[in-house]
Amino acid sequence: MPDSLLKVEPIVSLDEHRFQSLMQAHHYLGALPKIGNTIWYVAAREDSWLALLSFSAPALKCSARDKWIGWDLRHQYDRLNMIANNSRFLILPECHHKNLASQILSQCKRRIDRDWQKRFGHPLLLLETFVDPKRYHGTVYRASNWILVGSTKGYRRTREGYSARTQSSKLVFVQPLQRNARQELSRPLLNNRYQTGRRKMKLTAHQMRSLYDYFKEIDDPRRAQGKKHQLPTVLAMAAAAILCGMRGYKDIAIWAQSLGSKARSRFKCRYRNGVYEIPSRSVIRNVLTGVNPEQLDRALNIWNVQHVAVDESLAIDGKTMCNAIDDKGRQTHIMSAIGHESGHCYTQKKSALFR
């Protein structure tokens, strides 16, 4: 089929039901609901659908991919939004034409960054996909110049985190959307073009557990009657959510709701009927608006010094003090070294000799 007759375009809302029905009927994994940022595509010739694709949020952890990129945990968590996962690719029955799959992947590669920016407001740098070697060899992806970077370990995502037992591993393929994608994703300081304006960090299990202890001495502004959740638990979850990029009471509550059983236990959530209960949005709002701000600020600063003050990179900032003139008529300049992770100022240098 000539490439000029093939068009790959995002699915419009009126066709979403048809898309999901076909995917459920013909893909061996069935249909997949929209998870995070997701775009569904249809490849068609005139009005005839030939293939369906889904690009969605990437895997949170994939050692083969992460090793190939070369980023560390801190970089990974804040930059996953620049990766999209080709979570479904279905050539419809009786539409298996020569080179069709390669043409579709090629068109997707050319347009997905533009579509992603238009819909979600930020660019993409890398595509990934997982192939079951028991069913396929990844021939289509190999022919389209996707890079085989290794295999998964076989663990599967569950509500509690990851499965205890390994299952069949998958082949991991990646497709850079520009030549320096790998370097951009792993560089110490992210290029301004790819910054989304929201700094995030990844909390370890130890950091989650430690937050509770630092809020123990804060006075509880609530009445004792009807109090279900401990004050340190509510404050620890709110602080952790903000550190992970959440803003506002609604975002904090949604973040808390998404936590698995292990994470909830680290915050010492109330355990009842076999479930760790989390505070509601109204509880979080009432606590944060009623708590003593000086006590909260003091506790957070102590926690920050103990757990987050290890900086892997420094930012150098220089300023000119317009009205500060020395006895020789020269303006005073100040240069500071700031910890990129902690925001801690390590040193300042004042001089009138900077150029």
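Read the figures in this text as sums done on the coordinates, not as results from a lab. Everything quoted here is computed from the prediction, not taken from an experiment. Note: ideal-geometry Cβ built from the backbone for every residue, glycine included; neighbour counts use all protein chains shown.
Pairs of Cα atoms in the stretch 205-307 fall into 5 Å distance bins, from 0 up to the last occupied one, in shares of 2, 13, 26, 27, 22, 9, 2, 0 percent. Basic side chains Lys and Arg get +1 at the Cβ, acidic Asp and Glu get -1 at the Cβ, and with that the dipole of the stretch 205-307 about its Cα centre reaches some 480 debye. The ranking of Val234, Val283, Val275, Val8 from fewest to most other beta carbons within 10 Å of each one's beta carbon is Val275, Val283, Val8, Val234. Other residues lying with their Cβ under 11 Å from the Cβ of Ile218 contribute a combined charge of -3, Lys and Arg counting +1, Asp and Glu -1. Kirkwood analysis of the Cα pair distances in the stretch 3-194 returns a hydrodynamic radius of 17.5 Å.
When peptides 222-230, 85-93 are sorted by average Cβ neighbour count within 10 Å, with the highest value leading, the order is 85-93, 222-230.
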